[in-house]
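Here the structure is laid out as structure tokens; the discussion comes afterwards.
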Amino acid sequence: MKANVAQLPRLDRVISCLQQSIDVGGPLPDLDALAAIAHYSPFHFHRVYRALTGETIGRTVQRLRVVKALQRLAHSDASVTEIALLAGYDTPQALARVLRDTVDASASELRMDPQRMANSIEQLSRPLPLAEQTAPLSVEVITLEPFEVVALRAQGAFDDLDAVFGELFGWAAEQGLVEQLQQLIGMPLGDHRELPADELLFDCALAFDAELPALPASLQRQVLGGGRMARLRHVGSYSLLEDATDQLLRDWLPGSGHALRDAPLHYHFLDDPEDVPEAILRADIYVPLAAG
């Protein structure tokens with residue numbers, strides 16, 4: 001993880017800014033402001049932050065609010081209601097639920113056990129340690145020519161994407177395009193690890209070596225690629241693609257000399273989960289890089 005050392009001051013500035021807002025009970029800075037503080041592109045900031053810290057911005061805010069509430073419980077005689085409101089919770093019941101979920105104790109139990117209080121503050125004052133990367137990632141930097149895809153937007157659980165690709169295949173078969181099919185593409189518009197299924201958006205897409213007919217309203221043309229890309233081959237469950245993307249951003253990008261470009265990343269699915277065992281499924285992850 002040595003390549004990440006240079007990134008830590010940038011992230012520390014973000015966390016410090018969030019901490020200051022929570023301390024004074026002010027509004028939290030938005031993602032664009034936090035990205036500017038860290039000198040990252042707003043387009044990729046949320047994803048990069050999670051990859052480098054192991055938690056989302058929302059989780060950091062929740063953790064810092066709990067720490068602030070615990071510190072006030074430990075060092076003041078203020079009521080739990082006052083402390084809850086100062087830490088950004090609407091009610092003392094909301095704080096009670098968070099304390100139960102995070103440290104499995106109530107405010108009164110913690111006040112009666114100073115050592116447990118101190119241990120909880122220490123534990124929550126920093127993100128969980130990231131797992132060490134045991135082997136170097138094999139990342140290629142390539143130039144990808146732009147290509148057109150036919151996309152269908154899915155909303156729902158990541159595990160249900162097969163049905164959406166099935167709908168796309170059905171359209172391609174009706175148009176006589178199956179023999180010209182070149183690639184199966186996925187474009188994540190959210191992270192299935194942190195979003196509820198009903199909020200998760202994902203563009204399923206097919207690329208063809210043929211002129212495309214007029215598309216129905218449910219489908220759209222998109223142009224992908226164009227420019228420098230980092231490409232990482234993922235082998236294993238497709239549900240772990242976000243984890244593999246985190247590894248690229250955390251373990252390869254900081255020491256690579258490259259910067260991210262404001263363009264969407266995409267996955268190229270190389271195998272069909274219905275035909276290939278999950279453990280050996282292959283997909284290429286393409287992350288856009290700025291011109292060097």
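The values are calculated or read from the model by the stated rules, or taken from the named source; none is laboratory data. Here the structure is a predicted model, which means the values were calculated and not measured. We place every Cβ from the backbone using ideal geometry, glycine too, and count neighbours over all the protein chains shown.
Structural remarks
- Across region 83-98, the number of residues qualifying as at pLDDT 90 or above and either under 25 Å from the mean Cα position of the chain (by Cα) or of a type in the set (D, E, K, R) (or both) comes to 2.
- Within region 76-94, tally of residues that are closer than 17 Å to Ile22 by Cβ and either in contact with a strand residue (DSSP E or B) (Cβ under 6 Å, 6 or more places away or on another chain) or of a type in the set (Asp, Glu) (or both): 2
- Every residue from region 37-72 that is over 18 Å from the mean Cα position of the chain (by Cα) and small (Gly, Ala, Ser): Ala69
- You will find that of Val150, Val164, the residue that is of a type in the set (Val, Ile, Thr), at pLDDT 90 or above and not in a helix (DSSP H, G or I) is Val150 and no other.
- Helices (runs of 4 or more DSSP H) (entirely within region 13-124) containing at least 1 residues that are touching a Cys at 6+ places or on another chain (Cβ under 8 Å) and either at negative phi or in contact (Cβ under 8 Å) with a residue 60 or more places away in the chain (or both): 31-38
- Every residue from region 108-143 that is crowded, with 16+ Cβ neighbours inside 10 Å, within 25 Å of Val235 (Cβ to Cβ) and at pLDDT 90 or above: Val139
- Enumeration of residues in region 273-292 that are assigned to a loop (DSSP other than H, G, I, E, B), closer than 13 Å to Leu184 by Cβ and out of contact with any helix residue (DSSP H, G or I) (no Cβ under 9 Å at 6 or more places or on another chain): Asp275, Val276
- For region 29-49, taking the residues that are under 24 Å from Tyr89 (Cβ atoms) and surrounded by 16 or more Cβ atoms within 10 Å (Cβ to Cβ), the one that is modelled with the lowest pLDDT is identified as His46.
- Considering only residues in region 52-61 that are surrounded by fewer than 23 Cβ atoms within 10 Å (Cβ to Cβ) and of a type outside the set (Val, Ile, Thr), the one that is nearest to Val98 (Cα to Cα) turns out to be Arg59.
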